[in-house]
1. Quick one: which residues, 5+ away or cross-chain, put their amide H under 5 Å from the amide H of Ala30? H built at 1.01 Å from N.
2. Can you figure out the FRET efficiency of Arg63 with Arg19, using R₀ = 22 Å and their beta-carbon distance, to the nearest 0.05?
3. Please work out the C-alpha center-to-center distance from segment 14-63 to segment 80-127 and express it in whole Å.
4. Please state the relative contact order of the chain as a whole percent: Cα pairs under 8 Å, 6+ residues apart?
5. Report the residue, chosen from Arg19, Arg106, Arg89, that carries the largest GNM mean-square fluctuation when the chain is represented by alpha-carbon nodes joined by springs under 10 Å.
6. Tell me what the chain gives for mean residue ellipticity at 222 nm when only DSSP H runs of n ≥ 4 count, each as -39,500 (n - 2.57), the sum divided by the residue total, rounded to 500 deg cm²/dmol.
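Quick note: the coordinates plus some simple rules give every number you see, no bench work behind them. Just so we're clear, the structure is a prediction, and the values are computed from it rather than from any experiment. Cβ sites come from the backbone with ideal geometry, for glycine too, and all protein chains shown count toward neighbours.
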Amino acid sequence: MRTDRLDDTFAALAHPVRRAILARLMGGEASVMELAEPFEMSLPAVSKHLKVLERAGLIARGREAQWRPCRLDADPLREVADWVEGYRRFWERSEERYGRLDDYLREAQRAQRTQRKEEEADDQRAP
């Protein structure tokens, strides 16, 4: 995995407009006008976002007469998923450790309650 490609992918994903564009493209090809529709920004601004996505390899642009449809290319996202996968294993180990800590704390609280009850019973039996 090339780290510069990973850097480009993360940089492209850093903006909510670009993430929304990718989400829209999951449904199929779209023109720049269609992609710009939900945003309150100029077409040149949307085009700049598309260029960032294109440089990162996340979208490809076709050419059909005057129509230049954009389509999602999710391969760079697979690289991100692979990179994140290593951290998932870390989180799972952490969750396991926290689970064991939770068990220990529950047992300690149970033992403390039992001890308190025994002490109260002893106090009631005392003259």
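1. Amide H neighbours of Ala30: Cys70.
2. Efficiency, rounded to the nearest 0.05: 0.30.
3. 48
4. It rounds to 23 percent for the chain.
5. The residue that fluctuates most here is Arg106.
6. The helix-only estimate for the chain comes to -24000 deg cm²/dmol at 222 nm.
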